[in-house]
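Below is one structure, written out as structure tokens; comments come after it.
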Amino acid sequence: MRKGLKRAGFALVCAALFAAAGVAGFMATMAVEVAEPYRYLKVDDASLYTVDHDLESDGRDTTRYDLYLPAEADESGDYSLVFYIHGGGFTGGDKADGDLWCPYFAAKGMVAVSANYTLSQGDGVANLNTMYAELVRTANVAVEECARRGYRVTEMATTGGSAGGCLALLVAYRDPGALPVPVRFVFEQTGPASFEPDLWGQTEDAGRAAFVSMMTGRSFEAQDVGTEAYQAAIDEISPAALVDDGAVPTLMAYGPKDKVVPVALKYLLFDALDAHGVPHDYIEFPHSGHGLLGDPDRTQEFYDKMDEYIATYFENGADA
Amino acid sequence: MRRKLVVMAVCVAAGAVCGILACNVFLNAF
């Protein structure tokens, strides 16, 4: 009896060790794999830039931003801003993701911002229109803050991944006049290019109306589907529908194994950019899903192209 | 005692391998 108990206890200890090692292995691998694509962006010399966290945009905690600045302000110089927007399905994520991207730009002599926006609770209160408005406001507030600190920003680019990629496209395309400085280009990864509900698996009018209501914050019922107002509401949050002749050059990356964002959406954006003659580049990550984690060579290609966009479209230039 | 330690070490190693494999499967699915 006692021997049996001892054996059971030992088996439990072994099971606990197995589970603990499993969790540790999972977490360690996750940390390594997720950080891997950002190795190229790593800045070894932290003295090249400064970062101020949690600056206020509109007084709310959900819209704070982090500001990355080159170490020393050149009062006579003009600066370019890279405006980073985090992903997370519009319901999660945090501006802390910007720590993987923004130091790279600041160390090269640009200003960078990583902005939060009020996340959706699925009830339509926080939606793509409110997120867009908050981000535009933050861009304006951040540029003013930069000026106060001696960094005169004269141009900007938007960037982000997933939901952040979509919002980066919206901020760049929707109303450039609402931004404090001209947008020169946008570069994004795996951002949804359209919110046509059928492309998101909605097959009934009630589902279509609920989906569009949730994403836009406007109230639609099944009988509204197909109306002008309904379509206009979809279009104003769909980057592909916002592309016109004046749209800015666009760098995009997508993975065909993406199971989060329907893979067909990107073609709407490609077609719109083609139709309006907007310069754009698409880098496909053929072995990757939504995280773009399966193609290190394409990751490098994306960063190289990003540097090319910076050199080509930013008028202020960047340090080598 | 020594046999117990060996069994425990094997459990730790097997757990770690399973964790790494599970993470890769998860990331590929994502």
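The values are calculated or read from the model by the stated rules, or taken from the named source; none is laboratory data. Not measured: the values here are computed from a predicted model. Cβ: placed from backbone, ideal geometry, glycine included. Neighbour counts: every protein chain shown. Surface accessibility is based on the protein's heavy atoms, side chains included, excluding ligands, DNA and RNA. Shrake-Rupley method; radii C 1.70, N 1.55, O 1.52, S 1.80 Å.
Separation of the alpha carbons by more than 25 angstrom is noted, of A:K108/A:K259; A:K42/A:K305; A:K257/A:K305, for A:K108/A:K259.
Among the DSSP helices (H) of chain A, none spans at least 18 angstrom by Cα along its long axis with an average Kyte-Doolittle hydropathy of 1.6 or more; this is a geometric and hydropathy rule only. Expressed as a fraction of 2.2 N^0.38 Å, the value expected for a compact globular protein of N residues, the C-alpha radius of gyration of region A:1-56 is 2.20. Using just its DSSP H runs of length 4 or more, each adding -39500 (n - 2.57), the protein assembly as shown gives a mean residue ellipticity at 222 nm of -14500 deg cm²/dmol after division by all residues.
Under 1.5 on a/c is rounded, so check that first for region A:189-247, then, if it is not, pick prolate when a/b is larger than b/c and oblate when it is not; a ≥ b ≥ c are the square roots of the alpha carbon gyration tensor eigenvalues. Prolate shape, in that a/c is at least 1.5 and a/b is the bigger ratio.
The alpha carbon convex hull volume per residue for the protein assembly as shown rounds to 181 Å³. Interface residues of region B:4-19, defined as those losing at least 30 Å² of solvent-accessible heavy-atom surface relative to the isolated chain (probe radius 1.4 Å), are listed as B:K4, B:M8, B:C11, B:V12, B:G15, B:G19.
For A:Y132, neighbours were defined as the other residues whose beta-carbon sits under 15 Å from its Cβ, and their charges (Lys and Arg +1, Asp and Glu -1) total -3.
The spacing between region B:9-30 and region A:141-218, judged by their C-alpha centroids, is 37 Å. In the context of the full set of protein chains, the protein assembly as shown has a per residue accessible area of 47 Å² (1.4 Å probe). Here the label points at A:A133 and A:K3, each 7 Å from Cα along the C-beta direction, are separated by 7.6 nm in the simple model.
Here the protein assembly as shown carries DSSP beta bridges of which approximately 25% are antiparallel, counting only pairs with both residues inside. When the accessible areas of A alone and B alone are added and the area of the pair subtracted, with a 1.4 Å probe, the result is around 1600 Å², both sides summed. Take each residue in A:10-21, count the other chain C-beta atoms within 10 Å of its C-beta, and the mean is 5.
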